[in-house]
Amino acid sequence: MSLPVKCSVLLIIFLSHLPVLYGQVNNNYARILFYNVENLFDVEDDPETNDDEFTPGGDRHWNYYRLEKKLNNLAKVIVAAGQFEFPDIVGLAEVENRKVLERLISKTILQNSGYKIIHKESPDLRGIDVALLYDSKKIYPLKYKSIPLIDHDDVISSREILYFSCILQNSDTLHLLFNHWPSRYSGVLETVKLRGIAALILKNEIDSIFANQPQAKVIIMGDFNDQPNDDSILKILNAIEVDTSKIENQQLYNLSALWDTKNKGTLKYQSLWYVFDQIIVSGSLLNLKEGLYCDTDGAKIYDPLFLFEEDKRYGGTKVFRTYVGFKYNGGFSDHLPVYLDIFNN
């Protein structure tokens with residue numbers, strides 16, 4: 001690891017303790033983070049899922065030391081991404097179970113965060129789920145549920161969509177939907193239908209929200225395994241690029257739509273960067289009238305130097321991940337986090 005990266009890690013360790021030391025609270029600002037944390041497994045074999053490789057005797061030789069290092073790495077990223085404060089809400093993908101989440105918030109620098117956990121086991125074959133953490137001091141939960149992906153009455157063996165509604169800062173209601181859509185592992189064309197199904201189910205859920213609350217403020221975040229201009233996002237979900245001259249409350253706007261045109265991405269495959277992790281909002285959050293709102297450029301990729309390493313094969317840098325193939329690498333994740341800042345009028 002280069003000297004600048006080492007310095008960044010030391011700096012982040014220092015910064016991560018500042019929320020504890022100073023306890024800063026900003027009632028007019030909130031940060032919502034999403035992070036695909038790359039295979040956050042415990043070390044035990046679950047006979048109901050395909051998790052054998054993440055056990056001490058498995059192909060990856062996963063053990064308590066590596067788990068603790070992973071948890072501490074992730075906690076540092078979460079705190080650093082909050083910039084002197086713990087993010088108000090943290091959506092997570094690729095989490096095996098509640099036990100690893102409890103260790104994350106009780107055995108790391110997150111222990112003073114006040115985070116509460118929302119998690120449900122999904123039908124994913126590997127046993128990985130979508131979950132969230134929320135700051136119980138600033139978030140009042142209203143409702144949550146997990147939405148399965150169903151195709152002609154058959155449940156797809158994949159992660160469910162996590163819906164969470166809450167009152168933020170005693171001000172306004174937010175509707176959040178966290179996603180981890182079916183992967184491209186079996187091939188892009190072979191799996192495109194599954195992501196289309198996920199997009200349609202998500203769209204139907206959002207339409208239902210608007211039917212009950214026409215001015216609802218909706219935030220959609222996740223790892224979609226598709227890019228902003230793919231059909232699942234652009235056509236089925238109908239999440240479009242922002243046109244500031246005309247913003248409609250119930251239209252979905254993809255605040256990540258321009259990231260790839262600016263040579264940005266959230267993960268790298270071979271020599272190419274992809275925008276799979278995205279942030280989409282309803283127009284009601286962009287119309288600055290009253291209550292909670294966000295800016296059209298308020299969605300960001302969190303990409304400090306310490307989350308990268310040299311890409312010796314393809315050039316430039318790549319994300320500093322936990323494993324490269326089956327070789328332990330000791331990093332953070334194969335994805336970069338993304339976040340959205342919310343303000344209060």
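The values are calculated or read from the model by the stated rules, or taken from the named source; none is laboratory data. Since we're looking at a predicted model, the values are computed, not measured. Glycine also receives a Cβ, built like all others from the backbone with ideal geometry; neighbour counts cover every protein chain displayed. Please note that ligands, DNA and RNA were not included when accessible areas were found on the heavy atoms of the full protein model with its side chains. Shrake-Rupley method; radii C 1.70, N 1.55, O 1.52, S 1.80 Å.
Using the structure shown, decide if LYS300 is touching a Lys or Arg at 6+ places or on another chain (Cβ under 7 Å) and part of a strand (DSSP E or B).
Criteria not met by LYS300.
Regarding GLY315, is this residue surrounded by fewer than 18 Cβ atoms within 10 Å (Cβ to Cβ) and more than 25 Å from LEU40 (Cβ to Cβ)? Can you show your working first?
On the way: surrounded by fewer than 18 Cβ atoms within 10 Å (Cβ to Cβ): yes; more than 25 Å from LEU40 (Cβ to Cβ): yes.
For GLY315, the condition - surrounded by fewer than 18 Cβ atoms within 10 Å (Cβ to Cβ) and more than 25 Å from LEU40 (Cβ to Cβ) - is met.
With the structure loaded, tell me whether LEU149 is among the hydrophobic types (A, V, I, L, M, F, W, C) and out of contact with any Ser or Thr (no Cβ under 6 Å at 6 or more places or on another chain) or whether it fails that test.
For LEU149, the condition - among the hydrophobic types (A, V, I, L, M, F, W, C) and out of contact with any Ser or Thr (no Cβ under 6 Å at 6 or more places or on another chain) - is not met.
Search the range 304-342 for residues being polar (S, T, N, Q) and in contact (Cβ under 8 Å) with a residue 24 or more places away in the chain, and hand back the single one that is farthest from LEU177 (Cα to Cα).
Filtering the range 304-342 down to residues polar (S, T, N, Q) leaves 317, 322, 329, 333.
From the residues that got through so far, the ones that are in contact (Cβ under 8 Å) with a residue 24 or more places away in the chain too are 322, 333.
Values: THR322: 27, SER333: 22 Å.
Among them, the one singled out is THR322.
Just to be sure I understand, how many residues within the range 264-304 are out of contact with any His (no Cβ under 7 Å at 6 or more places or on another chain), hydrophobic (A, V, I, L, M, F, W, C) and closer than 13 Å to PRO337 by Cα?
5
So which pairs qualify, if the first residue must be in the range 223-236 and under 13 Å from VAL275 (Cα atoms) and open to solvent by 20 Å² or more (accessible area, probe 1.4 Å), the second must be at pLDDT below 95 and not small (Gly, Ala, Ser), the Cβ gap must be under 7 Å, and the two must be at least 6 apart or on different chains?
Pairs that qualify, where the first residue is under 13 Å from VAL275 (Cα atoms) and open to solvent by 20 Å² or more (accessible area, probe 1.4 Å) and the partner is at pLDDT below 95 and not small (Gly, Ala, Ser), are GLN227/ASP260.
How about the range 273-303: which of its residues are over 16 Å from the mean Cα position of the chain (by Cα) and of a type in the set (Lys, Arg)?
Answer for the range 273-303, where residues must be over 16 Å from the mean Cα position of the chain (by Cα) and of a type in the set (Lys, Arg): just LYS289.
Would you mind telling me which numbered condition in (1) in a loop (DSSP other than H, G, I, E, B); (2) crowded, with 18+ Cβ neighbours inside 10 Å GLU309 fails?
Against the list (1) in a loop (DSSP other than H, G, I, E, B); (2) crowded, with 18+ Cβ neighbours inside 10 Å, GLU309 comes up short only on (1).
Let's see how each residue does on (1) under 16 Å from the mean Cα position of the chain (by Cα); (2) surrounded by 12 or more Cβ atoms within 10 Å (Cβ to Cβ); (3) of a type in the set (Gly, Ala, Ser):
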| residue | (1), (2), (3) |
| --- | --- |
| PHE164 | yes, yes, no |
| GLN169 | no, yes, no |
| ASP172 | no, yes, no |
| HIS180 | yes, yes, no |
| SER186 | no, no, yes |
| GLU190 | no, no, no |
| GLY196 | no, yes, yes |
| LEU200 | no, yes, no |
| SER208 | no, no, yes |
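Check GLU68, GLU38, GLU48, GLU44 and return the single one that is of a type in the set (D, E, K, R) and under 30 Å from SER165 (Cα atoms). Write out each step before concluding.
Values: GLU68 fails: under 30 Å from SER165 (Cα atoms); GLU48 fails: under 30 Å from SER165 (Cα atoms); GLU44 fails: under 30 Å from SER165 (Cα atoms).
On inspection, the qualifying residue turns out to be GLU38.
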